[in-house]
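Notes follow the structure.
The values are calculated or read from the model by the stated rules, or taken from the named source; none is laboratory data. As the structure is a computational prediction, the values presented were derived from the model and not from experiment. All Cβ positions, glycine included, derive from the backbone under ideal geometry; neighbour counts span all protein chains shown.
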Amino acid sequence: MAVGVFDSGLGGLTVFDAVTKRLPDVDFVYYGDNSRAPYGVRDADDVYELTKMGVERLWDAGCDLVILACNTASAAALRRMQDGWIPADKRVLGVFVPLIESLTEREWGDNSPPREVSVKNVALFATPATVSSRAFQRELAFRAIGVDVEAQPCGGLVDAIEDGDEILAEALVRSHVDALKRRMPHPEAAILGCTHYPLMQDTFQAALGEGVKVYSQANLVAESLADYLERRPNLVGPGKTTQYLTTGDPSHVSDRATQFLRRKITFEAA
Ligand code: DGL
């Protein structure tokens, strides 16, 4: 029984960690496209082609269901993939919808018309590619009315996190939060719309102030996956082991991943 988890690099490990804890009986295969990260500065066609390659590799590893644990791929590639590319016996899901359902107080899969919700001012922090796709605003508009979204492209942050440069990452978070607050002084909620950013959640919360509710995706995605598999148990594919695949240098990626998750993680070449 295996489910695939795709990311451009290491950030998807935040989602991987949450899904493995929530579903301890399911095997997961992680694919990090580390040699080609970051995706957040690539154009949509490029993200689409690279995401398809990763998803095909996960299908080959016996995962009929693949989670795109990458907002950039979910924003720039998922719709296009779902538009006829995915075979009938396979599924690919993104990470936006569970978050937006939580923000708009909806149950899983509630597709009723958009309605007013309590939160009115939302700050979105994401990669430049995710921000320019406007996918978050599009998905939100299907579910809620009267919500003002101010999006901040957080250039440089993924690189600093991947490089393990904490001092630079903290400085970047503070300057991106300042830039956003100049345009939206009092957000009620902040979305960490990139899977790398939960690793900086405390810095975001401190810069935003205690009154701002910070949404990060990992646990929301894990809950929504558990719910999905309960409804569609046949989608747990035939794969039988947990594996970590990377297009980068396996020993370097293993070291970084072990630091991220604070437990031994061993990657192999994809
Ligand atoms: N972790 C990815 C995301 O959630 C993107 C990082 C990257 O730019 O590759 O958007």
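Side notes on the structure shown:
- Residue in segment 123-135 that is β-branched (Val, Ile, Thr) and more than 16 Å from the ligand (Cβ to nearest atom) present: no
- Among the residues making up segment 13-44, those that are out of contact with any Phe, Trp or Tyr (no Cβ under 9 Å at 6 or more places or on another chain), within 16 Å of the ligand (Cβ to nearest atom) and either under 16 Å from ASP159 (Cα atoms) or aliphatic (A, V, I, L, M) (or both) are VAL15, ALA18, SER35, ARG36, ALA37, PRO38, TYR39, GLY40, VAL41, ARG42, ALA44.
- Residue list for segment 198-223, filter: over 18 Å from the mean Cα position of the chain (by Cα) and either part of a loop (DSSP other than H, G, I, E, B) or within 16 Å of the ligand (Cβ to nearest atom) (or both): GLY209, GLU210, GLY211, VAL212
- ARG134 touching a residue at least 24 places away in the same chain (Cβ under 8 Å) and basic (Lys, Arg): no
- Condition check for ALA171: at pLDDT 95 or above and either within 25 Å of ARG256 (Cα to Cα) or surrounded by 23 or more Cβ atoms within 10 Å (Cβ to Cβ) (or both): yes
- Test set (1) assigned to a helix (DSSP H, G or I); (2) of a type in the set (S, T, N, Q); (3) under 20 Å from the mean Cα position of the chain (by Cα) - THR195 fails condition number: (1)
- Answer residue from segment 255-270, given it is part of a helix (DSSP H, G or I) and charged (D, E, K, R) and is nearest to the chain's Cα centre (by Cα) among those: ARG256
- Yes/no for LEU103 being away from the ligand (no atom under 16 Å from the Cβ), closer than 25 Å to HIS196 by Cα and of a type in the set (A, V, I, L, M): yes
- Where ALA18 falls short, out of the listed (1) of a type in the set (Gly, Ala, Ser); (2) assigned to a helix (DSSP H, G or I); (3) crowded, with 23+ Cβ neighbours inside 10 Å: (3)
- Scanning segment 59-80 for residues that are within 20 Å of PHE28 (Cβ to Cβ), out of contact with any Cys (no Cβ under 9 Å at 6 or more places or on another chain) and within 16 Å of the ligand (Cβ to nearest atom) returns VAL66, ILE67, LEU68, ALA69, ALA73, SER74, LEU78.
- Segment 14-50, residues that are out of contact with any strand residue (DSSP E or B) (no Cβ under 7 Å at 6 or more places or on another chain) and either within 15 Å of ALA270 (Cβ to Cβ) or hydroxyl-bearing (Ser, Thr, Tyr) (or both): THR14, ASP33, SER35, ARG36, ALA37, TYR39, TYR48, LEU50
- For the condition free of Cβ contacts under 8 Å to residues at least 60 places away in the same chain, under 19 Å from LEU225 (Cα atoms) and either out of contact with any Pro (no Cβ under 9 Å at 6 or more places or on another chain) or surrounded by fewer than 24 Cβ atoms within 10 Å (Cβ to Cβ) (or both), GLY84 does not qualify.
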